[in-house]
Amino acid sequence: MTLRDHTDIVYNVVWSPDGQQLASVSADQTIIVWDAQTGQPQRVLRGHSSWVFGLGWTPDGRQLASGSQDQTVIIWDTATGQAAATLHGHTDRVKSVAWSPDGRQLASASLDQTIIIWDVTSGPISFILQGHTGRVFDVAWSPNGRQLASTSDDTSVIIWNTATMQPKRTLLGHTDSALAVAWSPDGRQLASASYDRTIIIWDAASGQPQKTLADDTGWILDVAWSPDGQQLASASDAQTVIIWDTATGQPITTLRGHKNIVTSVAWSPDGRQLASASEDQTIILWDAVTHQLKNTLHGHTDWIIRLTWSPDGKRLASAAADQTMIIWNAASGHPVATLQGHNDQINSLAWSPDGQLLASASDDRTIRLINTRYMQPSCQWVTRNLSAAEWDFYLPAGMPYHRTCPDRPVHPSLIEAARDLARAGQIDEAIAQLKHLLSVDPTLDLDPAVEAQQAYQEAVQYLLDQAGEEAQAGDVEAATTTLEQAVALDPTLSLDPQAEAQRLAQPTFENSLEAAVKAAQNNDTETAQAKFEEAIEFAAPLDSAESWHALCDAGTRHDLAEIVLDACDKAIELEPDNGLYYNSRGIARLQLGDQQGAQDDFAKFEAWLEAE
């Protein structure tokens, strides 16, 4: 069954939870809901003003969320086909988003000095929290969902009562912008990080500072509690991650591995790993027990701003200034998906408690909700990994290839792409690519060096064969160009491209001339004339006096001087000292009634004989 109704590229398809419907999104700015049994469109949803990329059903199948290049997320009522909500409300950059523990609300913090509470079940803004006198950088829900904490460049931390949506306490203690905030797992404490190079641990009930953790080496840009609440991790512009003992307020260890500012830290849900992100465009996974570097993740093309683990700890999401989000397989360190749609840097990420939705906040002033459910079962629906062309199209430039479906082999086009590098003479690059593919899929039966060299030799031989075919067709110019490519690819070839092309074309000329002579001998004048003219065309690119003379001599022997006289002239132009050529042209001129011209040529022929 083939479903045809979109008028432009289709970017995504997602099944409804009950499997009865299929929704698709397209560059034609529409979402189509299809009847999975009949293949007929049930509804065409229109509301976006640009390409639609993201798509996700609610668990009950009653709503559908779509994300578009128009910077909006629209939540649709699938029964009516009407847009239920678009998360569009801030008037400046959105720096942070956080889900309520029950997953029903989303809080967003913005440089417009406000926090917006969104009801994600219906879409509209529930509350706008105003209390800060400066830009709001971060927001975090307490574990029980009853309180919300926010930080600002007014140096304060505000704790909000989520029942009344009013400020409950304003925590003052930092002397510079408060950048990040995190609740302890039991909700009794709050940690805030600041440009003043300190972390303050606050008593959430009284609002009093309990400990001040000082990092004299640099600004503290992010802070995260370990799941057991006994440790804090902080990210610093000194390119380090510090792990602190929350009981004593003393540093336990300093993790070094990044080559630029560390922007974000996040503990895995089981507390066994710590992830850190940096302006060096990498993510490092650390063993939280041994404090050793486990893996370095490469994929973003600009500095990474935020990290967050999925609730089950199997995935890690990162957001970057390259306007993309990458979802990683935490075990392998390989990207599962690269999500695009924002048109400015992405500042914050937050998983819904059930791990199905990922919210992102961006400098483009929008918040996007992305349904990640389709990413897990997708390998159950497809029979292969991405091809080379698909990888280049959908993934950021420079991202190393990996198997998005680990139990499927590397797509054959990747091996062919490496061979193409070898065929282009880039042997070292081809070998490196093949070695990478072997590391990605150890089951591949190939030797990178042998494979690359074989492809290289095949490429050279292909060019030689192609030149031969072109020359045999009489296209000496094309054959010369092809041979030049072969010599450029393999400088050890000892040949002159033009001379070799002419040599390869010589038999074609000779065969054509032979056919002309046979036709003349059979008194088939019409065919003979046509074949002589064909032979003249083949002789032209040879630029050979001998070939022109062969035409001249054969033509005059069969009374076709009118056709071959030019060939006689060209032979003499190329070798004016060869008397035989004058004799042949003399005969041609005599046949055409040019007595004087013939006498002159015969005289030169006789003089040549005497000299010989």
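One line per residue, one yes/no per condition, for (1) hydrophobic (A, V, I, L, M, F, W, C); (2) surrounded by fewer than 20 Cβ atoms within 10 Å (Cβ to Cβ); (3) farther than 30 Å from E534 by Cβ:
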site	(1), (2), (3)
A418	yes, no, yes
L421	yes, no, yes
L446	yes, yes, yes
A467	yes, no, no
V487	yes, yes, yes
P491	no, yes, yes
List, please: which pairs have Cβ atoms under 7 Å, are six or more places apart or on different chains, and start with a residue in segment 540-561 that is assigned by TED's automatic domain parsing to the domain that holds T527 and farther than 21 Å from L504 by Cβ and end with one that is part of a loop (DSSP other than H, G, I, E, B) and not small (G, A, S)?
A561/L592
Could you tell me whether any residue of segment 135-142 is part of a loop (DSSP other than H, G, I, E, B) and at positive phi?
no
Out of (1) within 18 Å of S236 (Cα to Cα); (2) surrounded by fewer than 19 Cβ atoms within 10 Å (Cβ to Cβ), the odd one out for T290 is which?
(1)
Any residue in segment 275-286 that is in a strand (DSSP E or B), out of contact with any Leu (no Cβ under 6 Å at 6 or more places or on another chain) and exposed (fewer than 14 other Cβ atoms within 10 Å of the Cβ)?
no
Hand me the list of strands (runs of 3 or more DSSP E) wholly inside segment 1-101 holding 3 or more residues that are modelled with pLDDT of 75 or more and closer than 30 Å to A182 by Cα.
94-99
Please verify whether W309 is aromatic (F, W, Y) and modelled with pLDDT of 95 or more, treating the condition exactly as stated.
no
If a residue has to be over 21 Å from S544 (Cα atoms) and either crowded, with 16+ Cβ neighbours inside 10 Å or not assigned by TED's automatic domain parsing to the domain that holds A545 (or both) to count, how many in segment 569-596 make the cut?
4
Would a scan of segment 406-415 turn up a residue that is among the hydroxyl-bearing types (S, T, Y), assigned to a helix (DSSP H, G or I) and either out of contact with any Cys (no Cβ under 9 Å at 6 or more places or on another chain) or at pLDDT 85 or above (or both)?
yes
Condition check: buried (at least 23 other Cβ atoms within 10 Å of the Cβ), within 23 Å of Q273 (Cβ to Cβ) and among the acidic types (D, E). Does D215 satisfy that?
no
Determine, yes or no, whether S494 is of a type in the set (S, T, Y) and in the same structural domain as A535 (by TED's automatic domain parsing).
no
Go through segment 514-529 and give me each residue that's assigned to a helix (DSSP H, G or I) and either polar (S, T, N, Q) or free of Cβ contacts under 8 Å to residues at least 12 places away in the same chain (or both).
E514, K518, Q521, T525, E526, T527, Q529
Residue among G299, G257 that alone is touching a Pro at 6+ places or on another chain (Cβ under 6 Å) and in contact (Cβ under 8 Å) with a residue 12 or more places away in the chain
G299
Here the qualifying pairs (Cβ atoms under 9 Å; residues six or more apart or on different chains; first in segment 234-252 and touching a residue at least 60 places away in the same chain (Cβ under 8 Å) and within 14 Å of K211 (Cβ to Cβ); second of a type in the set (K, R) and surrounded by 15 or more Cβ atoms within 10 Å (Cβ to Cβ)) come out as T246/K211
Yes or no: F538 buried (at least 20 other Cβ atoms within 10 Å of the Cβ), over 53 Å from the mean Cα position of the chain (by Cα) and part of a helix (DSSP H, G or I)?
no
Just checking, which of A337, A320 is touching a helix residue (DSSP H, G or I) at 6+ places or on another chain (Cβ under 9 Å) and either in contact (Cβ under 8 Å) with a residue 60 or more places away in the chain or among the aliphatic types (A, V, I, L, M) (or both)?
A337
Filter pass, P227 being touching a residue at least 12 places away in the same chain (Cβ under 8 Å) and within 39 Å of the chain's Cα centre (by Cα):
yes
Looking at D176, is it surrounded by fewer than 17 Cβ atoms within 10 Å (Cβ to Cβ), touching a residue at least 40 places away in the same chain (Cβ under 8 Å) and in a loop (DSSP other than H, G, I, E, B)?
no
Out of (1) under 22 Å from W141 (Cβ atoms); (2) at pLDDT 90 or above; (3) not basic (K, R), the one A288 does not meet is (1)
Could you tell me how many of the residues in segment 287-330 are in a loop (DSSP other than H, G, I, E, B) and aromatic (F, W, Y)?
1
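The values are calculated or read from the model by the stated rules, or taken from the named source; none is laboratory data. Given the structure is predicted, the values throughout are model-derived calculations rather than measurements. Cβ: placed from backbone, ideal geometry, glycine included. Neighbour counts: every protein chain shown.
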